[in-house]
1. Starting with the fewest neighbours, write out V217, V108 ranked by other beta-carbon atoms found within 10 Å of each beta-carbon.
2. Using θ = phi - 60° and the Karplus form 6.51 cos²θ - 1.76 cosθ + 1.60, what ³J(HN,Hα) does each residue of the stretch 300-306 get, whole Hz, x for Gly and Pro?
3. How would the stretch 15-58 be classified by its alpha-carbon gyration tensor: rounded, prolate or oblate, with rounded meaning a/c under 1.5 and the a/b versus b/c comparison settling the rest?
4. Return the inverse of the average 1/r over all pairs of distinct C-alpha atoms in the stretch 271-342, which is the Kirkwood hydrodynamic radius, in Å to one decimal.
5. FRET efficiency for R191 and E313, Cβ-Cβ distance as r, R0 = 51 Å, nearest 0.05?
6. Would you grab the residues whose amide H sits under 5 Å from the one on V263? Only those 5+ places off in sequence or on another chain, please, with H modelled 1.01 Å from N.
7. Where Rh is the Kirkwood radius over the Cα pairs of the stretch 239-388, the temperature 37 °C and the viscosity 0.692 mPa s, what D in µm²/s does Stokes-Einstein return?
8. Among M42, M71, M77, which comes first, second and so on when ranked by fewest other beta-carbon atoms within 10 Å?
Amino acid sequence: MLKLMEINTLENDTGKVIRVLLVDDEDSYRNAIARRLERRHMIVSQAPDGTACLEYLAGNEVDVVVLDMKMPGISGMETFKGISKYYPGLQVIFLTGNAAVSEGVEGVKAGAFDYLSKPVEIDHLASKIRQAWEFKRLEAARERDKIFRRRLEKRMIHTQRLASLGTMSTGIAHEINNPLAIIKESAGFMRMVLEQSDKIPEQEMLFKCLEKIEKSVDRARRITHQLLGYVRKQSRDLTPVDIVALIEDTMVLIKQKTQVKKVSVQWDPEPEGQMQMYTDPFQVRQVLINLLENAVDAVDVGGQIRLALYRQEQSVCLEVRDNGSGITPENMEKIFDPFFTTKPNVSENESGTGLGLFVVHKIMTGLSGSIRVESEPGHGATFTICLPEWHSDEQPG
């Protein structure tokens, strides 16, 4: 049975309270040690054996465990193995008898912070506890630093990739646009010749071939325009915008695509029917078109898309929710990367370019907004964009 003694909350010299779990099967000895540690500004909980120790740790936060090596039932070493397995990073100080010093050494070799021999000098024990607590704090700080460094390195690699992509994209886009213009012009001339004559063999098949050429040229141009749109520095043209009207206008632009696929779009604006904000309507329209077209592509024939517009603190947020197949966890971190797409390669004219969400993310960043995505495979996806209602240089008053 666990015996628990909670001491009044006091702070040590660092302003932090050290939480100690004292594990020993001798009640009188354990109680005496707990009282003396309390006088040295520590919170002390008690457990009479290894089983009670592990039970207590399962539901409570502890900084340092002071663990008797010799106990009935589960031994101190076995208890320590359980602590190491389930609570890595928790510091343990062993208490040993004079005849069991070698066991204390084995405990330190196994990963314990230190060991002390009974009868223990209380100031020595308190000092060891503070050292163990400081060691635990520094280890946690090192781990946070490692995580930060990994994230920073990942971001630097991503930034370098994007910088290289920008340089490469500009050259590629300009180089591709020139032959595209020649192909488009030649295709137009060929179409004109075909339309003026009805004596050319396989005329219908030639028209179909021309249509494929023209669609491919248009798709290639769309990719180059997206690339140039990414590398160009976009200036914000902030004006008063009725975001409700802007969304409704955008829905008209994709109406043909939704009708072809028989997709229903549920539109749920706030009851007031109008929502004014300062933003760049042209860039926001590009974001909306990309998100809505992605949603249409994500659902099956007869699918559903739901839009919800609302205010959140000083921002205006729009949710675009679809009931498609969703996004797998391994793809969630990649969807805003350039050239990443999950759209099936249905044909050379219909596959995704992998630049839509990449450009969306860039635009939202430039407008001081945010975009997040939530998805569960098989249950669709929800993209939420939030834009500031006012910008500091435009806010009235």
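1. With the fewest neighbours first, V217, V108 line up as V108, V217.
2. For the stretch 300-306, the Karplus-derived couplings read 7, 4, x, x, 10, 10, 10 Hz, x marking Gly and Pro.
3. Judged from the Cα gyration tensor, the stretch 15-58 comes out oblate (a/c at least 1.5, b/c at or above a/b).
4. 14.4
5. The formula returns an efficiency of 0.40 here.
6. Distant-sequence amide H within range of V263: G302.
7. For the chosen part, D equals 208 µm²/s.
8. M77, M71, M42
No value in this document is a laboratory result; all are computed from the given coordinates. All values derive from a computational prediction rather than experimental measurement. Note that we place each Cβ from the backbone using ideal geometry, even for glycine, and neighbour counts take in every protein chain shown.
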